[in-house]
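The values are calculated or read from the model by the stated rules, or taken from the named source; none is laboratory data. Just so it is clear, the structure is predicted and the values come from calculations on it, not from any experiment. Here the Cβ positions follow ideal geometry from the backbone for every residue, glycine too, while neighbour counts run over all protein chains shown.
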Amino acid sequence: MGGLRAASPSGAGAGADAGAGSGPGAPRLAMACVLASEVATVLAVMRRNVRWAGVRYGGGDGGAGDDEHLDHPLVAGLKALRRRAAAWGRGRWAGVEPLLYLRPFLDSLVDFCQQKEFMAEMYANMDCDLQCSNIFEELANLLSKSAFPVNSPLSALNVLALDGLVAVIRAMAERSDSAPQHHGQTVPEISEYFPFWQLKCESGNDPDQWVKFVHQQKSIKRKLMVGVEHFNRDKKKGFEYLQGVHLLPEKLDPHNVALFFRYTPGLDKNLLGDYLGNHDEFSIRVLHEFARTFDFKEMNLDAALRLFLESFRLPGESQKIQRILEAFSERYYEQSPQMFVNRDAALVLSYSVIMLNTDQHNVRVKKKMTEEDFIRNNRRINGGNDLPREFLSDLYYSICCNEIRTIPEQGAGCSEMSFSRWVDLMWRSKRTSTYIACDSYPFLDHEMFSVMAGPAVAAISVVFDNVEHEEVLTGCIDGFLSVAKLAAFYHDDVLNDLVVALCKFTTLLSSSYIDDPVTAFGEDTKARMATEAVFTIATTYGDHVRSGWRNIVDCILRLHKIGLLPGRLTGDTSDDQESTSDSLPNKLASSSAPPQVLPISTRKSYGLMGRFSQLLYLDAEEPRSQPTEEQLAAQRNASETVKKCQIGTIFIESKFLQADSLSNLARALIQAAGRPQKITSALDDEGVAVFCLELLITVTLNNRDRIVLLWQDVYEHITHIVQSIVMPCNLVEKAVFGLLHICQRLLPYKANLVDDLLRSLQLILKLDARVADAYCENITLEVTRLVKANATHIKSQMGWRTIISLLCITARHPDASDAGFEALVFIMSEGAHLSPANFILSVEASRQFAESRLGSAERSIHALNLMADSVNCLTRWSREVREAGGDADRILEGIAEMWLRLVQALRKVCTDQREEVRNHALLSLHRCLVVDGIVVSSSTWLMAFDIIFQLLDELLEIAQTYSPKDFRNMEVSLLHAVKLLCKVFLQSLKDLSAQGSFGKLWLEVLDMIEKFMKVKVRGRRTEKLQEAIPELLKNILMVMKASGVLSKTSTSENSLWEATWLQVNKIAPSLQSEIFPDNEGDSTTGEENKLDTPAQSDQSSDQ
């Protein structure tokens, strides 16, 4: 600021007068010099009296004891400077070049901002002082607004203001690295009134004391400011609010009201003057208490009167003026009795001064009072004696030259720094609190950052948008990153606003068409710097990003679209290096690979005219132009920038994001992907959707421990894809196999989500037939891997139903059936993974593979063996249940039900057209029916016989109806079937013979045997059946005889005995005489007639 800093107010005024007539530009220069001199004066006071002057309490005899009390003059000085600086565009300063007076002020202010604790101490000592305005907040706003170019290009003044702004933010960011343990302490609520105006900080150097004090003062100040707003609208409501928050006592008293009026900035001075002038007793007492808050010791009358009347607006009513001047005179005489003999003399002279002030400064008064007139008017007012002439003369000229303003500006403070204001500040500085010295800890930075974060982002953004100089751009980026660091540290939402602003500067979100976007991006330094900043924030402070993820994702998509991202942006997971991902078809990487960066002439034209021109010149072979060195350099710059951004880290390290941030990232990917339509979208749109889905799957896999946060959104997105797309495409392929991949990875780790994960695979069952057919083989391979890796984790019937339903579909698919059967074998072999939850489902799936003609007969027989072997599980479970005891009956009934369902499944394969499969099915059914160890009730046995009867009827129909070419060697199958019937009957004889329906069942068996005895295959009866059936029937009869079931116990014609032989004689008439000779009685005894065991029966029948 040069010589202006040394100028005095009087010198500046003289300069102004001297230059007033020197030429057309002289008045403007003179005014600028006056203002610059005032700025210099106040800043000189700052440097001289305040510890922000570079040498902190360095040297001097005065020491720190006096300096630390000089903050209040700085407050008023900066307020006056702020007003003058803000007035350059209006009123009397409109013609002054702003750089002439703003630049020196901002130079000094920025110098102070460079000192890291300057703004922190300004906030602690000013903004948290009840009697001061919020100077830090005003200076921060001044710097922010000064950085904005107003109707003009960016100037050095704007950049200078930016430097100060960034310096303050950078200092806070550096302090955040050393946050103390008691950072962010809360202030207890005030529960009752206490004399808070008298609070003092015991030590300004001990944070344990002053931090709590400052927070408490700021909390009180906020409430006071609210009270001021209420008071200025309605005095009564203002008092009620202040009483409600305990800043005034429940019962108002004059002293506390007077303190509120005296020391609270921002009160409406018109209301204050009216209140103080009221005639009611309480207001008069408040007035006198108000006057007692002033210190008039060793102060001239005019200075004291100026100071007193500047604190409110003097009302116009004479009675109110009288009361106010009486209070003033009483206080002045009390503190300065050496001049007056009594307070009446002070009152009279005060009146005279007010009259002189009106006379001299009212334009409507034509004849002005002279010095002699004033002296004459004040004769003998001091107890009958005259006051000294020199005293009255000095008083006269003081009033004439410097008006007492009885109508000051609204709000706290005054518009300019008057002499009386300086005097008041100097006197008040002796009574201020201990100066608070901030250190390198961010005790107050959270509140400070909340004040300036929004304006700072806006100001830095404007400068960044309007400047091209790389050094200034670097400063802006530094400011952006400092704001991001602080926003993350204090969990401030401004971080999202910052991300939005920076993403705009990357130019990646521009909708305008660019012929060569890669080169353009590489040549744009500002765009590349902004891009690096965006992804620095995303990778460093992504934990605190919320809505800003959508803009970040849009930038990533643009980089992908123009081919600047690597072909494989991320791995599957960062902590799980299983090889299962390699099994995905071609790893699905090609589906989302970005386009190649092509020479300019070969780039695709996206506009309508571009497409039309391609049609017009389809046959024309344009020579490919090679990129220039400048273009190659720009492309290298673009690639290097993207490489520095480490974009893949965002998704790989997403497992460290906070829950809200992670959810917002996932939703941003889903929103960016869009919603596919029934008709496949354009290739570009599908590529974006595939890329977003790939990233979403990566995020999901990397957050398996927090899958609950993501699963619903991920599942709904994949559901929409699967249900919307009706033709095979990359998107639905990625959705299906991504879903399978998620299930494979997460099933071992999330037991509580197993059912939800497996239920999601039901989406595959809802695929359009064309889509399902295209991917069936690969889907089956993935399901097989899933089953092999996670069979032990699948417990519920619903989960197994989903898995086995997927396997059943493959039974009739030529490419997928082998893989599907492999999975089924894994589940059923030796009962390794069979359980009551999946037994019936597995049996039904095995039946479908047994019936399928796609595989060989050997595979069908293998499937039948799986079904037959599964009966061993039933016997084992039955044994375990009986051994365990407890509620065994209900469980055993369930096992019997599973046994019956197994019988039903095998019965369906017994009519297979292939001879070897059909016969093996009959043998397998026989094995299951005669198994021992399963508790089968009589009713279940009856249902089993119904199944057998239906099977035998169908076999008879096939033998008699279908061509032998279609069903070869049916006589062997019939023989197996009738043997099965006889052996099963013997197996169940003991349980069924006691039932009332046994006779009916026995006759149905005989009827069925008769049908087989008489059946004709290829027009004749078969010898095998003719030979085997009598022997089988004889064996049954002998067993029934030995067990006492069949005996001549009744002569009734409807008895079992008669009905049996009536039916048997139709099959083998000689059996009755063989089994019951005439010499035998009603029953037969002897070892030869004992019951044949099933083993004996099996041996004879096999022969």
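Annotations
- All of K990, K983, K965 fail the test of being modelled with pLDDT of 90 or more and out of contact with any Gly (no Cβ under 8 Å at 6 or more places or on another chain), apart from K983.
- Test: residue in segment 959-979 that is among the charged types (D, E, K, R) and outside the structural domain of L1033 (by TED's automatic domain parsing): no
- For G933, the test of being more than 23 Å from L1001 (Cα to Cα) and part of a loop (DSSP other than H, G, I, E, B) is passed.
- Segment 225-264: number of residues that are out of contact with any helix residue (DSSP H, G or I) (no Cβ under 8 Å at 6 or more places or on another chain) and outside any helix (DSSP H, G or I): 4
- Filter pass, I284 being of a type outside the set (S, T, N, Q), in the same structural domain as D253 (by TED's automatic domain parsing), more than 19 Å from I404 (Cα to Cα) and part of a helix (DSSP H, G or I): yes
- Considering the conditions (1) under 21 Å from A666 (Cα atoms); (2) outside any helix (DSSP H, G or I), S512 is excluded by exactly one of them, (1).
- Scope segment 112-167; condition at pLDDT below 85 and touching a Pro at 6+ places or on another chain (Cβ under 8 Å); matching residues: Q131, C132, S133
- Only one entry of E289, E334, E330 meets the criterion of being surrounded by fewer than 20 Cβ atoms within 10 Å (Cβ to Cβ) and under 60 Å from the mean Cα position of the chain (by Cα), and that entry is E289.
- Whichever residue in segment 337-364 is β-branched (V, I, T) and modelled with pLDDT of 90 or more and, among such residues, is farthest from I404 (Cα to Cα): V341
- Filter result (modelled with pLDDT of 95 or more and basic (K, R)) within segment 648-699: R667
- K1000 touching a Leu at 6+ places or on another chain (Cβ under 9 Å), in a helix (DSSP H, G or I) and exposed (fewer than 15 other Cβ atoms within 10 Å of the Cβ): no
- Test: A863 is over 41 Å from the mean Cα position of the chain (by Cα) and buried (at least 16 other Cβ atoms within 10 Å of the Cβ): yes
Results for (1) over 52 Å from the mean Cα position of the chain (by Cα); (2) without any contact (Cβ under 8 Å) to a residue 24 or more places away in the chain; (3) outside any helix (DSSP H, G or I); (4) over 25 Å from F1012 (Cβ atoms), shown as yes or no for each residue.
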| residue | (1), (2), (3), (4) |
| --- | --- |
| G886 | no, yes, yes, yes |
| R890 | no, yes, no, yes |
| A905 | no, no, no, no |
| N919 | yes, no, no, no |
| L923 | yes, no, no, no |
| H926 | yes, no, no, no |
| M943 | yes, no, no, no |
| D946 | yes, yes, no, no |
| Q950 | yes, no, no, no |
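- Screening V518 with (1) over 23 Å from N466 (Cβ atoms); (2) touching an Asp or Glu at 6+ places or on another chain (Cβ under 9 Å); (3) touching a residue at least 60 places away in the same chain (Cβ under 8 Å) gives one miss only, at (2).
One line per residue, one yes/no per condition, for (1) hydrophobic (A, V, I, L, M, F, W, C); (2) touching a Lys or Arg at 6+ places or on another chain (Cβ under 8 Å):
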position	(1), (2)
V736	yes, no
K750	no, yes
Q762	no, no
A772	yes, no
R785	no, no
K788	no, no
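- Single match in R380, R376 (criterion: over 20 Å from E334 (Cα atoms), not in a helix (DSSP H, G or I) and not β-branched (V, I, T)): R380
- Within segment 360-373, being surrounded by 17 or more Cβ atoms within 10 Å (Cβ to Cβ) and assigned to a helix (DSSP H, G or I) holds for one residue alone: Q360.
- Scanning segment 292-307 for residues that are within 17 Å of P265 (Cα to Cα) and either small (G, A, S) or not in a helix (DSSP H, G or I) (or both) returns T293, F294.
- Close pairs (6 angstrom Cβ cut-off, 6 or more residues apart or separate chains): β-branched (V, I, T) in segment 969-985, crowded, with 21+ Cβ neighbours inside 10 Å anywhere: V978/F1012; V984/L929
- Test: residue in segment 1052-1066 that is of a type in the set (D, E, K, R), surrounded by fewer than 18 Cβ atoms within 10 Å (Cβ to Cβ) and without any contact (Cβ under 8 Å) to a residue 12 or more places away in the chain: yes
- Restricting attention to segment 308-319, the residues being surrounded by fewer than 19 Cβ atoms within 10 Å (Cβ to Cβ) and either touching a His at 6+ places or on another chain (Cβ under 6 Å) or not in a loop (DSSP other than H, G, I, E, B) (or both) number 2.
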